[in-house]
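A quick write-up on the structure given underneath.
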Amino acid sequence: MAYIDYYKVLGVERNASQEDIRKAFKKLARKHHPDLNPNDPDSKRRFQEINEANEVLGDPEKRKKYDQYGEHWQHADQFEAQQQQYRRQYGGTGGSDGAYWSAGGGFSGDDGEFSDFFESLFGSRGGHRGGRSAGFRGQDYNAELQLSLQEAARTHKRVLTVNGKKIRITIPAGVENGQTIKLGGQGASGMNGGPAGDLYITFVIPDGPVFKRLGNDLYVDVPLNLYTAVLGGEQLIDTLDGKVRLNVKPETQNGTKVRLKGKGFPVYKQEGVYGDLIVTWRVEIPTRLTERQKELFRELQRIG
Amino acid sequence: METDLIIVSEYCRKSHVDPSFIALLETEGLIEVRMIEGIRYLPLAQLCDVERYIRMYYDLSINIEGIDAIRHLLRRMEDLQNELNSLRNRLRLYEDSLL
């Protein structure tokens, strides 16, 4: 557990007035408040640090204790007992040893709670001051959920375990890769009557081996043999909901694209609406030709 | 469609919020309050926004005009984030096709 220099956290001098501390806190809180920086874990961590520093320095009693024990904070209780004994024996008040803090250390990063350092010095809740703002909103949680393209194409339910809590969610068909949804109140519980944080889920949906997705459209490359490409015919192709037979026009060129309306990806939160499937024909040149086949190609070359 | 409603006066009492603040949010068009048989109600769907505005106002000392501006900027930020995401996916598709 490292020392934390709360003055450094708030960017104020050790002799700063309570008004200076209040102003510094407000300024930093406006910059790093989670409401103003949604889905930014760094800001949340920083806000937690600022909050804790203000909890100590903004309260003259806590500030006094913090200033008094300095780097000997681990022995605060012991020190206090000795001071009391000294006062009983000799009267007067025991002074501070004048020790200063070393550079600020890291926070525990526990969800929405104070650092171990704070709790060692002031107890788990630190005795919050009264007033509306004494209740702190719980920390937001961020989670990532990986889905296959097929899973993302249908509305389905999932049970997620986030920080030991089971949460049942319905994932609507058509969610996008990288899209984040917010589940209000499913984050960490608030402190001192504050509201719970939110849960942000970001979907990771990689393209599959067959289909590539762009918005609501799907793209697929389909190999086409030379003879069907030249003479036309039919070709079976994969779609998300099974195979379909597609007519191939005679003299189809390599790279030709065909758009199949409504055979693409479901549109997010629009039931029954789908994007398109774009098929790109990849004409394959035959290999390992027999002598007879080569002769026929030469014949074609002569007359072509 | 049925909507869950919260009695404004009750909410203000429990969360130590001055009712005039809710009225101010309503006047400035940040929220919509429903009046049913003389009682003012807050739709549950707006609760999350109201709580955010309360935190901005009371904890961060941001005035109503500031909250409104932040609201617009956050929406704009969300739109841009979605657009960035969509462009990233598009770029990935083209990059993959080049490989």
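The values are calculated or read from the model by the stated rules, or taken from the named source; none is laboratory data. Here the structure is a predicted model, which means the values were calculated and not measured. A quick note on method: Cβ atoms are made from the backbone with ideal geometry, for glycine too, and the neighbour counts reach across all protein chains shown. For the accessible areas, the whole protein counts, side chains as well, though only heavy atoms, and no ligand, DNA or RNA atoms are used. Shrake-Rupley method; radii C 1.70, N 1.55, O 1.52, S 1.80 Å.
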Original post:
Residue check, A:ARG22 against (1) in a helix (DSSP H, G or I); (2) open to solvent by less than 50 Å² (accessible area, probe 1.4 Å); (3) modelled with pLDDT of 85 or more, all met but one. Which one?
Top reply: (2)
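Return the residue satisfying two criteria in turn: it lies in segment A:32-42 and is charged (D, E, K, R) and more than 10 Å from chain B (Cβ to nearest Cβ), and of such residues it is most open to solvent (accessible area, probe 1.4 Å). Even if it seems obvious, please write down each step before you answer.
Just the residues of segment A:32-42 that are charged (D, E, K, R), to begin with: A:35, A:40, A:42.
This time we only want the ones that are more than 10 Å from chain B (Cβ to nearest Cβ), so: A:40, A:42.
Working: A:ASP40: 51, A:ASP42: 100 Å².
My answer is A:ASP42.
Residue by residue through segment A:150-179, note down the ones that are within 14 Å of chain B (Cβ to nearest Cβ) and either within 20 Å of B:GLN46 (Cα to Cα) or hydrophobic (A, V, I, L, M, F, W, C) (or both). Break it down stepwise before answering.
Keep residues of segment A:150-179 that are within 14 Å of chain B (Cβ to nearest Cβ), which gives A:152, A:174-179.
Matches in segment A:150-179: A:ALA152, A:VAL175.
How about segment B:31-44: which of its residues are within 14 Å of another protein chain (Cβ to nearest Cβ) and open to solvent by less than 40 Å² (accessible area, probe 1.4 Å)?
Scanning segment B:31-44 gives a single hit, B:PRO43.
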**OP:** Would you please name the residue that is nearest to the other protein chains (Cβ to nearest Cβ), looking only at residues in segment B:52-99 that are open to solvent by less than 60 Å² (accessible area, probe 1.4 Å) and of a type in the set (Asp, Glu)?
**Re:** B:ASP59
**OP:** Find the residue count for segment A:263-272, including only residues that are farther than 8 Å from A:GLY174 by Cβ and touching a residue at least 24 places away in the same chain (Cβ under 8 Å).
**Re:** 2
Original post:
What pairs can you find where one residue is in segment B:3-16 and aromatic (Phe, Trp, Tyr), the other is outside any helix (DSSP H, G or I), and their Cβ atoms are less than 9 Å apart, with a gap of 6+ or different chains?
Top reply: B:TYR11/B:VAL17; B:TYR11/B:LEU42
Original post:
Under the condition of being open to solvent by 50 Å² or more (accessible area, probe 1.4 Å) and in a strand (DSSP E or B), which residue from segment A:148-173 is nearest to A:GLY197 (Cα to Cα)?
Top reply: A:LYS165
**OP:** Select the strands (runs of 3 or more DSSP E) contained entirely in segment A:192-231, then report the ones holding at least 2 residues which are among the aromatic types (Phe, Trp, Tyr) and either more than 10 Å from chain B (Cβ to nearest Cβ) or farther than 20 Å from A:PRO250 by Cα (or both).
**Re:** A:199-204
**OP:** Name the residue, out of B:LEU25, B:LEU47, that is surrounded by 15 or more Cβ atoms within 10 Å (Cβ to Cβ), under 17 Å from the mean Cα position of the chain (by Cα) and more than 28 Å from A:TYR268 (Cβ to Cβ).
**Re:** B:LEU25
Original post:
Quick one: how many residues across segment A:237-249 are open to solvent by less than 90 Å² (accessible area, probe 1.4 Å), assigned to a strand (DSSP E or B) and under 18 Å from A:GLY264 (Cα atoms)?
Top reply: 6
Subject >> Residues (open to solvent by less than 100 Å² (accessible area, probe 1.4 Å) and part of a loop (DSSP other than H, G, I, E, B)) located in segment A:288-304 >> reply: A:LEU289, A:THR290, A:GLY304
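Anything in segment A:257-294 that is hydrophobic (A, V, I, L, M, F, W, C) and farther than 26 Å from A:LEU231 by Cα? List them, or say none.
First pass over segment A:257-294, keeping only residues hydrophobic (A, V, I, L, M, F, W, C): A:258, A:260, A:265, A:267, A:273, A:277-279, A:281, A:283, A:285, A:289.
A:PHE265, A:VAL267, A:VAL273, listed by residue number.
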Original post:
Looking at segment B:27-44, is at least one residue at pLDDT 90 or above and in a helix (DSSP H, G or I)?
Top reply: yes
